[in-house]
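**Q** Sharing a structure with you now.
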Amino acid sequence: MYVCLCKGVSDHRIRQTVEDGARSWRDVQRETGCGTQCGKCAVQGKGITREAVKAELMVGAEDLAYAV
């Protein structure tokens with residue numbers, strides 16, 4: 001689904017940006033342009049970014065031999 005119509009950014013692109021190393025909303029904005037024009041998508045974009053970062057961190061934690 002499109003999150004940012006102004007820049008043509010989808011939720012998939014936001015998640016891909018996080019998989020590629022973005023770890024904050026500011027990183028996602030820099031890479032995609034999402035939320036930088038009219039700003040109506042910012043709340044939804046931040047939420048998707050937060051969920052994607054959390055999921056990425058959990059993937060990294062599963063690789064540990066034991067919980068820290």
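The values are calculated or read from the model by the stated rules, or taken from the named source; none is laboratory data. The structure displayed is predicted, hence computed values, not measured ones. FYI the Cβ positions are ideal-geometry reconstructions off the backbone, even for glycines, and counts take in every protein chain you see. The protein model used for the area step is the full one, side chains on, heavy atoms only, and it has no ligands, DNA or RNA in it. Shrake-Rupley method; radii C 1.70, N 1.55, O 1.52, S 1.80 Å.
**Q** So what is the orientation-averaged projected area of the range 1-55, using the convex hull of its C-alpha atoms, in nm²? Intermediate results must be reported in sequence, preceding the final value.
**A** Values: hull surface 12.1 nm².
Its average projected convex-hull area is 3.0 nm².
**Q** Which order do you get for Val28, Val43, Val59 if you rank them by accessible area with a 1.4 Å probe, largest at the top? Present the calculation step by step, with values, prior to reporting the outcome.
**A** Values: Val28 0, Val43 125, Val59 80 Å².
Highest to lowest solvent-accessible surface, that is Val43, Val59, Val28.
**Q** So how much slack lies between Met1 and Arg30, counting 0.36 nm per residue of separation and subtracting their Cα-Cα distance, in nm?
**A** Result: 8.4 nm gained on full extension.
**Q** Separate question: How would Glu56, Glu31 rank on accessible area, largest to smallest, probe 1.4 Å?
**A** Details: Glu56 55, Glu31 120 Å².
Order by accessible area, largest first: Glu31, Glu56.
**Q** Around Cys34, with a cut-off of 13 angstrom between Cβ atoms, what is the net charge of the other residues, counting Lys and Arg +1 and Asp and Glu -1?
**A** +4
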